[in-house]
Amino acid sequence: MRGVSFLCIVAIMGITMRSVSAFVPSVHRLATPSLGLGGRSLQAASPLRAGTRSSLPSGWGFSGRARLFHSTTMKAADAAAAAAPPKGKKKPGKSKEDSKYSKTVNLPETNFNQRANAVVREPELQAFWKDEKVYEKAYEDNTGSKFVLHDGPPYANGDLHIGHALNKILKDFINRYQILKGSKVKFVPGWDCHGLPIELKVLQSMKSAEKRELTPVKLRKKAASFARETVDKQMDSFKRYGVWGDWERPYLTLLPEYEAAQIKVFGEMVEGGHIYRGRKPVNWSPSSRTALAEAELEYPEGHVSRSLWAAFPVTMMSEALKEKAGGEDVRVAVWTTTPWTLPANLAVAVNERLDYALVKAPSGVCYIVAKDLVDNLSKKMQGEAEEEGGEKPPPPVLEEIAVFKGKELEGSIYKHPLYERESKVVIGGEYITTESGTGLVHTAPGHGVEDYQTGLKYNLDLLSPVDDGGLFTEEAGEDLKGKSVLGDGNQAVIDMMREAGALIKEEPYGHKYPYDWRTKKPTIFRATDQWFASVDSFRDQAMEEIAKVEFIPEKGRSRIESMVEGRSDWCISRQRNWGVPIPVFYHKETGEPLLTKESIDHVRKIVLDKGTDAWFEMDEADLLPPSHKDEADQWVKGKDTMDVWFDSGSSWAGVVQERGEDLAYPADMYLEGSDQHRGWFQSSLLTSVAAQGQAPYKTVLTHGFVLDEKGFKMSKSLGNVVDPKQIIEGGKNKKLEPPYGADVLRLWVSSVDYTGDVRVGSNIMKQISDSYRKIRNTLRYLLGNLYDFDPAKHAVSYDEMPSVDKWMLGKLAEVQSEVKEAFEKHQFYRASQCITQLVIGDLSNLYLDVAKDRLYISSPDDLSRRSCQTVLKVALEMLSTSIAPLMPHMAEDAWQNIPWDVDHKSVFQFGWPTLDYAPHDADKWATIREVRDDVNSAMELARRGGVVGANMEAKVVIHCGDNDELKALIKGSMQQDSILAYPSPVTVADDIRFILLASQVKLVDSADAVTDACGEEYTVGVKEGQTESGIVVGVAKADGKKCERCWFYDESVGEHEGQDGVCPRCGHAAAQHFKNATHT
């Protein structure tokens, strides 16, 4: 192996050059060649005992089992070979050639790379998991109960986006944690393969000539092929994210076994009396020519409708109205945002409890309007200015003649202004308010839900003169026939109302309006013959089941409750070819449907064997049950397919129940985006309750949407779309768009509070990458300093440890407990924060920093060093397992580089360790940390002033003021005159001098004594509140000589055990090294 500079090693460990002198004095000036990523990668090698390491080429490593390795190794001799003295501080008589102590220090050695090289390394680790069947063996070997997180199927109609990554990675966090806990986890990924999105993709790829020859069966074949190809692409991406699952047996809604299970659910709902056929208004997409469910709608911002105020002449008054307005020209005033529905008007509805006023305009015409909306009507009747730029005439004064309750207006009759048709004033519901309009609602039962309900009460016809394409039919009249209700037909109605003298005002009105989420075009309400699931018949039971479910966050409960509570039915039929057919037959003469348990089960068996293509390929004689085969010529099979939400909503049956050997119904958890309260969460709930009488899930967890860094919704037009593939593999310009790997993407997911909308972008990913590197470097430090540690031989008991080690073990246990609690509550951002704080605050900034001297300078078998390594071993296992659910590749990479024999090939077979260490001297070490921070502030001043370079050149002078407890704490830690004596007790590791990395610490009785010893310019704390601990502290040059091996200053430095220029401790360690080197 080529020489590796110590400066590189220092950089790897996250150590600044100011503290380098704490552990290798012989290395004065260090060359800085690039460390590289390691040339050799050894895989599946035959196991070797740890003792054979030295017989292998430098840079290759084993620990008694087959490993995946990168070959870069941190090694003391290689580091020393690159040493050179610093400018201006050449050591007289010494050079890199004759300095002998550089080879006696215990520098870190590991094959765990500083750089992840994730583009190469992560796929290697994924191949290791696959070859070793780590995921599969965890299910077999774990002894806990089953944990089932049921996957909500994404559409197989395009590339994955960052929202998909957020979703699947969150699921993987939970599954991997459950595996570490010992649960039996079998995650079955799924895909929604039917429906219009895929059908449209297929049609878009075809030429006109192909489309003309297209049959339903040909379309279905092409759609299935497209879906399968997309599934393969998306599956590869999910695998690259590091998501574990049963990728060999995913569920696809186009598989015959799944389709058969779906038809079984449909049959159970029919048998329960929950399915019926009816004619009623439904959301209809003229652009898709099919009915839509609520979950298939979106409400984009900026929609503007043509709103219209109109008046219908009253031809017969109710008794109350006649009494007050006999002989007057009375009209009912209405308002609508859909003028195209006026041809279907069959009633005007009022609220029986509202007050309505009869008002007279200057023209002599009387209008009926809600009393609270008289002024609103007056403003709409205001005329326009006579000339451009002129003032409008004032609104007309509407004289109030009488006031009635809505109930008193019922039964009045008015004439339709466009047709020779009279209709009644009827009583509507609480949907009639005085928030806008006139308080009287134009009612077209064929074009609105409330209108339909009101029509049922009064036995009104379902008039809907609109065809599948959204064009007026002949029923609307010759003047409107063939015109689009969303285009020229709407304008034509407005013009006709104006010509009839019925128009009061027409103006634009901005509001939320439903659009087809696939075609992005407006929808309409239109009465058609459809199949429905009657939610009314099992709503109460559904609400009871919702109450039993845990929702994360809790607000999800109220969302789905309000949606289910306000839902009377669910239109489950669609007029498409690519889907699961509704297995119904219609009598050719009567139109009566055949939908029995026998007929449904017969079709189910055919589908299980041949798939749903059989419905389109086979004739009625083969599809009908035996009891009806002889009369096959009297029946025709239906053409409707099921709503895709019925497809995915049946997955609890097609997957969780069907795979009962691996899974368990109901599932432990469903996890999807917050929009699924009206989608998959709800459709799954409704089908499961209707068919099985219970909710299909115990817990529902929802996440928000992904926005860009500025909080804007991502769109191609804005150019702010973040591609997860680019985050992992990098863009074309690798400097501007570096390949971060899957673990950095996963760390981003773990860092955000997913319960709301989250943000991502290049700047955010850079910050996440920095955090990733800090964690990786800490793991590298831990591994590097355990290269000669065997827990079976070298572990130190808790009772033998110094306080600082016991404190660190207590802190590790505390953080692990916090991380576990965060995982249990699915608060991954908390787990991520705890881990990062541990790495940066407790390990890197304190414990590992002060541990360098023990690790590098002490004799290899020194009890204090072995005690520290025992803590590092616990920290390594704790950190590896804690990050494993979040960053599995990094965790596994670290695990594969553990330098001693372990019983588990993978970190995921190790399980979640239990750390039973109580907090130790927590208050004491919190105080010492404050003192250390204050000392470092003074140290920085002295460093800038040239008084000291490294900390070991310093003498720290402290005045504790009136804080006798602090004074006793500091004084009590210094149990011997010199920290460099040999032998020293293990508790020397607690000495304040080692904690501060300063050669001497002196306590004085006054602040003046500090400034006298150090100078005011190198003192902090003289002014009150200047230090956290309340001390006055200064820094001066240390007394004594500098040890050439450890760089601490002491009066004892000289010749010890035949070694010159060293302290007693280093003399013994160096002598031992040379003695051992001679024997080997």
Per-region count, the range 905-934, residues open to solvent by 30 Å² or more (accessible area, probe 1.4 Å) and either more than 20 Å from Leu812 (Cβ to Cβ) or assigned to a helix (DSSP H, G or I) (or both): 11
When residues of the range 696-755 are limited to those that are assigned to a helix (DSSP H, G or I) and in contact with a Pro (Cβ under 7 Å, 6 or more places away or on another chain), the one farthest from Lys168 (Cα to Cα): Glu729
Subset of the range 96-136 [open to solvent by 70 Å² or more (accessible area, probe 1.4 Å), under 23 Å from Gly911 (Cα atoms) and either in a loop (DSSP other than H, G, I, E, B) or modelled with pLDDT under 95 (or both)]: Lys133
Odd one out for Pro445 among (1) buried (at least 16 other Cβ atoms within 10 Å of the Cβ); (2) under 20 Å from Val304 (Cβ atoms): (2)
Count - residues of the range 304-334 that are in contact with a strand residue (DSSP E or B) (Cβ under 8 Å, 6 or more places away or on another chain), of a type in the set (Lys, Arg) and not in a strand (DSSP E or B): 1
The listed residue being open to solvent by 50 Å² or more (accessible area, probe 1.4 Å), without any contact (Cβ under 8 Å) to a residue 24 or more places away in the chain and either touching a Lys or Arg at 6+ places or on another chain (Cβ under 6 Å) or of a type in the set (Phe, Trp, Tyr) (or both), out of Glu478, Glu544, Glu554, Glu474: Glu474
Residue in the range 888-904 that is surrounded by the fewest Cβ atoms within 10 Å (Cβ to Cβ), counting only those that are more than 26 Å from the chain's Cα centre (by Cα) and in contact (Cβ under 8 Å) with a residue 24 or more places away in the chain: Asp901
Subset tally (residues that are farther than 15 Å from Met887 by Cα and of a type in the set (Val, Ile, Thr)) for the range 118-142: 2
Qualifying residue in the range 796-812 (condition: open to solvent by 50 Å² or more (accessible area, probe 1.4 Å), in a loop (DSSP other than H, G, I, E, B) and either of a type outside the set (Ser, Thr, Tyr) or modelled with pLDDT of 95 or more (or both)): yes
Residue that is nearest to Tyr251 (Cα to Cα) [pool: residues in the range 155-174 that are open to solvent by less than 10 Å² (accessible area, probe 1.4 Å) and among the aliphatic types (A, V, I, L, M)]: Ala156
Pairs where the first residue, in the range 385-409, is modelled with pLDDT under 90 and the second is exposed (fewer than 10 other Cβ atoms within 10 Å of the Cβ), C-beta under 7 Å, 6+ apart: Ala385/Glu391; Lys392/Glu384
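Residues that are open to solvent by less than 10 Å² (accessible area, probe 1.4 Å) and under 28 Å from His161 (Cα atoms): which helices (runs of 4 or more DSSP H) entirely in the range 187-296 hold 1 or more of them? Give the steps one after another, and end with the answer.
Values: elements: 196-204, 208-212, 216-240, 256-271.
Those helices (runs of 4 or more DSSP H) span 196-204, 216-240, 256-271.
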Residue match in the range 328-335 (condition: under 48 Å from the mean Cα position of the chain (by Cα) and surrounded by 24 or more Cβ atoms within 10 Å (Cβ to Cβ)): yes
Residue in the range 1031-1080 that is farthest from Tyr1018 (Cα to Cα), counting only those that are open to solvent by 30 Å² or more (accessible area, probe 1.4 Å) and acidic (Asp, Glu): Glu1057
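The values are calculated or read from the model by the stated rules, or taken from the named source; none is laboratory data. In this text, all values refer to a predicted model and were calculated from it rather than measured experimentally. Cβ atoms come from the backbone with ideal geometry, glycine included; neighbour counts cover every protein chain shown. For accessibility, only protein heavy atoms count, side chains too; no ligands or nucleic acids. Shrake-Rupley method; radii C 1.70, N 1.55, O 1.52, S 1.80 Å.
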